[in-house]
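Chemist: Dropping the structure in here first, questions after.
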Amino acid sequence: MSEAIQSQIKEQVSNTPIFLYMKGTPEAPACGFSHEVVHTLQQHNAQFGSFNVLENWDIREGIKTFANWPFIPQLYVNGKFVGGRDIIMDLQKKGELESLLSV
């Protein structure tokens, strides 16, 4: 991953308390997993930023290295990687997501 891409990712996840890398946009998710995570965040009235990885191959591949996580979507809270769809759904099921999102 280039230094420029790493810097861009760091800036995105640092400047927005809740940030989601996803396929598509919150208004029009382009995959079921992204849709589920967006829907879950919206259920919690979470204000979040997002980035459509389908628009930038370098970011799409860069986040996989940045988080050492090969899947999309990827959720970051306060600059820290939380996880993908399965982890988010697990946190939701355990009742732990709400407190995580209260930033």
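Chemist: Per-residue HN-Hα couplings for segment 73-89, Karplus 6.51 cos²θ - 1.76 cosθ + 1.60 at θ = phi - 60°, whole Hz, x for Gly and Pro?
Modeler: x, 10, 10, 10, 10, 6, x, 10, 5, 9, x, x, 3, 5, 5, 4, 5
Chemist: For Ile88, what is the net charge nearby, where nearby means another residue's Cβ is under 13 Å from its Cβ and Lys, Arg count +1, Asp, Glu -1?
Modeler: The answer is -2.
Chemist: Need the list of lysines near Lys93 for cross-linking: C-alpha distance under 26 angstrom, and skip anything on the same chain fewer than eight residues off.
Modeler: Leaving aside lysines fewer than 8 places away in the same chain, those within reach of Lys93 are Lys23, Lys64, Lys80.
Chemist: If packing is taken as the average count of other Cβ atoms within 10 Å, what order do 20-31, 54-65 fall into, highest mean first?
Modeler: Averaged packing, sorted descending, gives the order 20-31, 54-65.
Chemist: On to the next question. What whole-number value in cubic angstrom gives the convex hull volume per residue for the C-alpha atoms of segment 3-101?
Modeler: It is 85 Å³ per residue.
Chemist: Using the Cα centre of the chain as the reference point, and only Cβ charges (+1 on K/R, -1 on D/E), how large is the resulting charge dipole? Debye, rounded to the nearest 20.
Modeler: 160
Chemist: Does anything in segment 26-42 have its amide N under 19 Å from the 7 Å Cα→Cβ label point of Glu55, and if so which residues?
Modeler: 26-32, 34-35, 38-39
Values quoted throughout were computed directly from the atomic coordinates according to the rules given, and no laboratory measurement underlies them. Predicted model, so just to flag it, every value in this text is computed and none were measured. Neighbour counts run over all protein chains shown; Cβ positions are idealised from the backbone, glycine included.
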